[in-house]
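Engineer: Below is one structure. I have some questions about it.
The values are calculated or read from the model by the stated rules, or taken from the named source; none is laboratory data. The shown structure was predicted, so the numbers you read here are calculated from the model rather than taken from an experiment. Here the Cβ is made from the backbone with ideal geometry for all residues, glycine too, and neighbour counts use every protein chain on show. Accessible surface areas use protein heavy atoms only, side chains included; no ligands, DNA or RNA. Shrake-Rupley method; radii C 1.70, N 1.55, O 1.52, S 1.80 Å.
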Amino acid sequence: MTSTQLKALVHSTLTGRPSGQLILDSEHEVLENAIIDYIDAQAGFMRSAHASATANTSCDLVWSSAYLNTNYAYTVNGFDSAGNPVEIALVAKTATKITITTLIAATITAISTPY
């Protein structure tokens, strides 16, 4: 479930009833489960990213699922076409990706986990 879908569910649950009527238990349960599932999905698992980097050019490694913020640790590995490791420099870190550069063309893989 995306944040947009969750917001729509919250909105429809709270406003989709006559004024003064309480939220039905069944609707409340559905809403609470959706909120818990969304929190678990955002906070509890590792992400991965893969890209082919061009020498001396910024390369975006976009996480398989965006974080809520930049409170995550990551590890990046890169190898040239001969299988040799390459030096990687971080350019930027956001909730959705890290941006790196390499001195030579390489295949890059990254994993991350929230903290």
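Engineer: So, I88, is that one over 23 Å from A8 (Cα atoms), open to solvent by 40 Å² or more (accessible area, probe 1.4 Å), among the aliphatic types (A, V, I, L, M) and in contact with a Gly (Cβ under 6 Å, 6 or more places away or on another chain) or not?
Structural biologist: It is true that I88 is over 23 Å from A8 (Cα atoms), open to solvent by 40 Å² or more (accessible area, probe 1.4 Å), among the aliphatic types (A, V, I, L, M) and in contact with a Gly (Cβ under 6 Å, 6 or more places away or on another chain).
Engineer: What strands (runs of 3 or more DSSP E) completely inside the range 18-84 contain at least 3 residues that are closer than 25 Å to L6 by Cβ?
Structural biologist: 47-53
Engineer: Just to be sure, is L31 aliphatic (A, V, I, L, M) and open to solvent by 50 Å² or more (accessible area, probe 1.4 Å)?
Structural biologist: no
Engineer: Quickly run through the range 67-80 and pick out the residues that are touching a strand residue (DSSP E or B) at 6+ places or on another chain (Cβ under 8 Å) and either within 24 Å of Y115 (Cβ to Cβ) or open to solvent by 70 Å² or more (accessible area, probe 1.4 Å) (or both).
Structural biologist: Y67, T70, N71, Y72, A73, Y74, T75, V76, N77, G78, F79
Engineer: Can you tell which of S12, S64, S19 is exposed (fewer than 11 other Cβ atoms within 10 Å of the Cβ) and at negative phi?
Structural biologist: None of the other options fit; the residue is S19.
Engineer: Quickly run through the range 44-61 and pick out the residues that are of a type in the set (G, A, S), surrounded by fewer than 16 Cβ atoms within 10 Å (Cβ to Cβ) and under 14 Å from the mean Cα position of the chain (by Cα).
Structural biologist: G44, S48
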